[in-house]
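The values are calculated or read from the model by the stated rules, or taken from the named source; none is laboratory data. Owing to the predicted nature of the structure, the values given are computational and were not obtained by experimental measurement. For neighbour counting, all protein chains shown are included, and Cβ atoms are generated from backbone atoms with ideal geometry for every residue, glycine included. Just so you know, the surface numbers come from the protein's heavy atoms only, side chains and all, with ligands and any DNA or RNA stripped out. Shrake-Rupley method; radii C 1.70, N 1.55, O 1.52, S 1.80 Å.
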Amino acid sequence: GSLLLRALAEASNPRVSICGQEKDSSTAALAKLNMLLHGVSNAEIKVEDTLGNPQFTQYGMLSTFDVCVANPPFSQKNWLASDMLPDQYNRWTANLLPPTKCGDYAFLLHLISSMKADVGRGACILPHGVLFRGNAEYDIRKDIIDKHYIKGIIGLPPNIFFGTGIPASIIIIDKKNKDCRKGIFVIDAKDGFEKISKTNRLRPRDIKKITDTIKERKSISGYSYLANLDEIKANE
């Protein structure tokens, strides 16, 4: 709920529709309450397993949106049920299938499939392992990069998310002008935070540095870099 509200706060049109799905009914109830407390009465928050039973569908396919954001559970095990292959929504195939023991790419593929063709934008928070793990995840990552879907990657500090201390990354997906994209803009923001008790937190100045650097696509030594697609392929 908070993630959707933050996205709404950045929207140029305050009358946009808000849709969200959550597996845990208690979390979904809190999200609905959060919407009402912030004066958002038209939000649709549905309860079900996003991968196994997506609730936003139309004519047997996933509904698509202008902007999608997600903070899925990291490396979810046993996410793949017997009736999810082949996937009726064409999110993955037998040749490009996320491993059963790790659902990170399943959530990313769901996000990509939920974005409007040619104009959809999105961001997904995932563990750093999605950037370099091999086998099936390598094949899926290569396919996504070959389609020029990834616009940028932001590496975050460790220990900033509830329930896990591992570092995470924000994968920025943008289908607009994808055919003109020559590379992926990477930011290493792992050192910009303040420590509060046992957790780390991004300060307003850390967030501003990230967003300003992305907007200006500015190369800063040791911090940001536009990696062209040939470099990415050469480094596997």
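Residues that are of a type outside the set (A, V, I, L, M, F, W, C) and touching a Pro at 6+ places or on another chain (Cβ under 9 Å), at least 1 per element: which strands (runs of 3 or more DSSP E) completely within region 118-236 meet that? Full working, then the answer.
Working: elements: 121-127, 150-155, 168-174, 183-188, 194-196, 199-201, 224-228.
By residue number, 121-127, 150-155, 168-174, 199-201.
Among residues belonging to region 1-27 that are surrounded by fewer than 16 Cβ atoms within 10 Å (Cβ to Cβ) and touching a Gly at 6+ places or on another chain (Cβ under 9 Å), point out the one that is farthest from Thr64 (Cα to Cα).
Once the filter is applied, the top-ranked residue is Thr27.
When you check Lys233 against the structure, is it over 24 Å from Arg133 (Cα atoms), charged (D, E, K, R) and modelled with pLDDT under 95, yes or no? Full working, then the answer.
Numbers: over 24 Å from Arg133 (Cα atoms): no; charged (D, E, K, R): yes; modelled with pLDDT under 95: yes.
Taking the combined requirement at face value, the residue does not satisfy it.
Condition first: touching a residue at least 40 places away in the same chain (Cβ under 8 Å) and hydrophobic (A, V, I, L, M, F, W, C). Can you find one or more residues in region 190-199 that meet it? Full working, then the answer.
From region 190-199, those touching a residue at least 40 places away in the same chain (Cβ under 8 Å) are 199; that's our starting set.
When the remaining residues are screened for being hydrophobic (A, V, I, L, M, F, W, C), the result is none.
For region 190-199, residues touching a residue at least 40 places away in the same chain (Cβ under 8 Å) and hydrophobic (A, V, I, L, M, F, W, C): absent.
Can you tell which of Glu216, Glu194 is open to solvent by 90 Å² or more (accessible area, probe 1.4 Å) and more than 22 Å from Cys124 (Cβ to Cβ)?
Numbers: Glu194 fails: open to solvent by 90 Å² or more (accessible area, probe 1.4 Å).
None of the other options fit; the residue is Glu216.
Looking at Glu236 and the list (1) on the phi > 0 side of the Ramachandran plot; (2) surrounded by 14 or more Cβ atoms within 10 Å (Cβ to Cβ), which single condition is not satisfied?
The single condition Glu236 does not satisfy is (2).
Could you check, for region 5-19, whether at least one of its residues is polar (S, T, N, Q), touching a strand residue (DSSP E or B) at 6+ places or on another chain (Cβ under 6 Å) and on the phi < 0 side of the Ramachandran plot?
First, the residues of region 5-19 that are polar (S, T, N, Q): 12-13, 17.
If we keep only those that are touching a strand residue (DSSP E or B) at 6+ places or on another chain (Cβ under 6 Å) too, we end up with none.
No, there is no match, as no residue in region 5-19 is polar (S, T, N, Q), touching a strand residue (DSSP E or B) at 6+ places or on another chain (Cβ under 6 Å) and on the phi < 0 side of the Ramachandran plot.
Hey, could you check region 50-101 for residues that are in contact with a strand residue (DSSP E or B) (Cβ under 9 Å, 6 or more places away or on another chain) and hydroxyl-bearing (Ser, Thr, Tyr) and say which is surrounded by the most Cβ atoms within 10 Å (Cβ to Cβ)?
Thr50
Test Leu111 against the criterion of being of a type outside the set (D, E, K, R), under 30 Å from Gly192 (Cβ atoms), touching a helix residue (DSSP H, G or I) at 6+ places or on another chain (Cβ under 6 Å) and modelled with pLDDT of 95 or more, and give yes or no.
Numbers: of a type outside the set (D, E, K, R): yes; under 30 Å from Gly192 (Cβ atoms): yes; touching a helix residue (DSSP H, G or I) at 6+ places or on another chain (Cβ under 6 Å): no; modelled with pLDDT of 95 or more: yes.
Answer is no for this residue.
Would you mind finding the one in Asp143, Asp179, Asp139 that is of a type outside the set (S, T, N, Q) and either crowded, with 18+ Cβ neighbours inside 10 Å or at pLDDT below 95 (or both)? Spell out how you get there, then give the answer.
Details: Asp143 fails: either crowded, with 18+ Cβ neighbours inside 10 Å or at pLDDT below 95 (or both); Asp139 fails: either crowded, with 18+ Cβ neighbours inside 10 Å or at pLDDT below 95 (or both).
Asp179 is the lone residue from the list that is of a type outside the set (S, T, N, Q) and either crowded, with 18+ Cβ neighbours inside 10 Å or at pLDDT below 95 (or both).
Look at region 67-89 and say how many of its residues are without any contact (Cβ under 8 Å) to a residue 24 or more places away in the chain, polar (S, T, N, Q) and either in a loop (DSSP other than H, G, I, E, B) or in contact with a Pro (Cβ under 6 Å, 6 or more places away or on another chain) (or both).
The qualifying residues number 1.
Quick check, is Pro157 modelled with pLDDT under 95, touching a His at 6+ places or on another chain (Cβ under 6 Å) and closer than 25 Å to Gln76 by Cα? Steps first, answer last, please.
Values: modelled with pLDDT under 95: yes; touching a His at 6+ places or on another chain (Cβ under 6 Å): no; closer than 25 Å to Gln76 by Cα: yes.
No: the conditions fail for Pro157.
Restricting attention to region 28-49, which residues are without any contact (Cβ under 8 Å) to a residue 24 or more places away in the chain and either surrounded by 15 or more Cβ atoms within 10 Å (Cβ to Cβ) or within 23 Å of Leu62 (Cβ to Cβ) (or both)?
Within region 28-49, Ala28 is the sole residue that qualifies.
Right, Ile173: free of Cβ contacts under 8 Å to residues at least 12 places away in the same chain, surrounded by 12 or more Cβ atoms within 10 Å (Cβ to Cβ), under 20 Å from Lys151 (Cβ atoms) and aliphatic (A, V, I, L, M) or not? Explain how you work it out, then say what you get.
Details: free of Cβ contacts under 8 Å to residues at least 12 places away in the same chain: no; surrounded by 12 or more Cβ atoms within 10 Å (Cβ to Cβ): yes; under 20 Å from Lys151 (Cβ atoms): yes; aliphatic (A, V, I, L, M): yes.
It is false that Ile173 is free of Cβ contacts under 8 Å to residues at least 12 places away in the same chain, surrounded by 12 or more Cβ atoms within 10 Å (Cβ to Cβ), under 20 Å from Lys151 (Cβ atoms) and aliphatic (A, V, I, L, M).
Among the numbered criteria (1) part of a loop (DSSP other than H, G, I, E, B); (2) within 20 Å of Ser169 (Cα to Cα), which one does Leu4 miss?
(1)
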